[in-house]
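Asker: The following block contains the structure, expressed as structure tokens.
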Amino acid sequence: MLSATALIVEKTSSPFIVDAVELESLGATEVLVELKATGVCHTDVAVQRGSLPGAFPILLGHEGIHSQLHPVEDVAIELMILVGAGIVCTVGSKVRDVEPGDHVLLSYSFCKNCRSCREGQPYQCTQFFDRNFISENTDQSRTTTWNGTPIHASFFGQSSFCNPTIVQEACCVRVDKNYPLEILAPLGCGVQTGAGAVFNVVKPVENKVRSLVVFGIGGVGSAAIMAASVLHEDHPELLTTIIAVDRQQERLLLAKEIGATHIVNASNLNDTGIEIRRVTAGQGIDAAIDCTGSVPVINAMADALGAGGIAVSVGAPPAAARISIPVFPFINGCKRYQASNQGNSLSRNFLPLLADLYRQNRLPIDRLQKQYKPSEINKAVQDILDGTTIKPVIIWS
């Protein structure tokens, strides 16, 4: 067994405990990664608080790396996958994609065998829930023990609130060793989700999108704004209108700095709709992305669409929530409503692209981040709940 430092949630709504755990031997398709940084995500907090399913005690964390409009409903979240970044130490006997010494970003797990995975769409893997939320290996074994008792780990195939950590091979994305891993840790979840919603779902170039509105300027929404700005720089005739909507003025001002052309304070959703119609000269919006998971906001997003528009849900409301879409205007205007998981991204291709955009100073994700020590995990959680920090990042050394 190998000793590791872990941030543990013992039971629902209890604070994180910093303690030692023991790691079991690697399985054939597992990788031992020494983490450099781990992003703290709303998904981690939602499981801790019981808003998303989890078995306790549990090791969370899914924004690891090696060497927003706040929801109206308390349990609505930005649905992001836990990711981290680090350096590969050891690999299992059947691992082929990475080797010791590789620098890797960690993203979501997938089976590789279902139809979606075989067709290059692992973000809709038929085993996605089991492989990412069940917090144990697919053979129902446990990788980690705490005080001699097996603990639920392998959250999103990685449980990157543990260092070193055992990771499923599918989660590992190899990157250039010159990249700053402590900055890139959130790429595999929040940034991938927001940027991917623009690049891979809205597809502004293919669909000739002139206007975009993003509801909720947290980590995911900010990444969407940045991605839209990148595409506008490359295609000046597109995305000439990028609207950021939030209730926090500081976040709206940041959105303006990272690419938004217009900002709207959403203290009153009716006024928000009026302002969007004003900005678009009454034509409605070409594309809209909701990062809040708030049902009233999702409904407002659908209402904001113009002819041929697409509304994309990224934030996840409570499981029993229902939205209300006006069907006739959708038919008459040939509009679309679509959900997106992980930005519909094939991580091994998309994350290196995002990392390269950061290196070119075109994706300033460092503007969103604040660094914390592992011992400050509960402070990081409170800051994300208060909205004082958009993206907390745990630095392991």
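Asker: Looking only at the range 245-286, count every residue that is in a helix (DSSP H, G or I) and over 17 Å from Ser229 (Cα atoms) and tell me the total.
Answerer: Adding up the residues that qualify gives 13.
Each row is one residue, and each column tells you yes or no for (1) under 17 Å from the mean Cα position of the chain (by Cα); (2) part of a helix (DSSP H, G or I); (3) not assigned by TED's automatic domain parsing to the domain that holds Arg174.
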{"residue": "Arg367", "(1), (2), (3)": "yes, yes, no"}
{"residue": "Ser375", "(1), (2), (3)": "no, yes, no"}
{"residue": "Ala380", "(1), (2), (3)": "yes, yes, no"}
{"residue": "Asp383", "(1), (2), (3)": "no, yes, no"}
{"residue": "Thr388", "(1), (2), (3)": "no, no, no"}
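Asker: Return the total of residues in the range 234-244 being surrounded by fewer than 24 Cβ atoms within 10 Å (Cβ to Cβ) and part of a strand (DSSP E or B). Can you show your working first?
Answerer: So in the range 234-244, the residues surrounded by fewer than 24 Cβ atoms within 10 Å (Cβ to Cβ) come out as 234-238, 240-241.
Going one step further and asking which of them are part of a strand (DSSP E or B), we end up with 241.
Number of matching residues: 1.
Asker: Looking at Leu212, is it crowded, with 18+ Cβ neighbours inside 10 Å, under 15 Å from the mean Cα position of the chain (by Cα) and not β-branched (Val, Ile, Thr)? Spell out how you get there, then give the answer.
Answerer: On the way: crowded, with 18+ Cβ neighbours inside 10 Å: yes; under 15 Å from the mean Cα position of the chain (by Cα): no; not β-branched (Val, Ile, Thr): yes.
No: the conditions fail for Leu212.
Asker: Please determine whether any residue of the range 181-204 is more than 19 Å from the chain's Cα centre (by Cα), assigned by TED's automatic domain parsing to the domain that holds Thr272 and farther than 30 Å from Ala20 by Cα.
Answerer: Yes, the range 181-204 contains a residue that is more than 19 Å from the chain's Cα centre (by Cα), assigned by TED's automatic domain parsing to the domain that holds Thr272 and farther than 30 Å from Ala20 by Cα.
Asker: Inspect the range 231-240 for any residue being under 21 Å from the mean Cα position of the chain (by Cα) and more than 30 Å from Leu52 (Cα to Cα) and give the result as yes or no.
Answerer: yes
Asker: Taking the range 1-46 as the search range and keeping residues that are closer than 24 Å to Lys379 by Cβ and out of contact with any strand residue (DSSP E or B) (no Cβ under 7 Å at 6 or more places or on another chain), which one is surrounded by the most Cβ atoms within 10 Å (Cβ to Cβ)?
Answerer: Only one residue tops the list, namely Asp44.
Asker: Hey, another quick one. Any residue at all in the range 334-349 that is part of a helix (DSSP H, G or I), at pLDDT 95 or above and of a type in the set (A, V, I, L, M, F, W, C)?
Answerer: no
Asker: Taking Leu105 as meeting all but one of (1) buried (at least 16 other Cβ atoms within 10 Å of the Cβ); (2) at pLDDT 50 or above; (3) farther than 28 Å from Trp146 by Cα, write down the number of the exception.
Answerer: (3)
The values are calculated or read from the model by the stated rules, or taken from the named source; none is laboratory data. None of these values were measured; they are calculated from a predicted model. Reconstructed Cβ throughout: ideal geometry from the backbone, glycine too, with neighbour counts over all protein chains shown.
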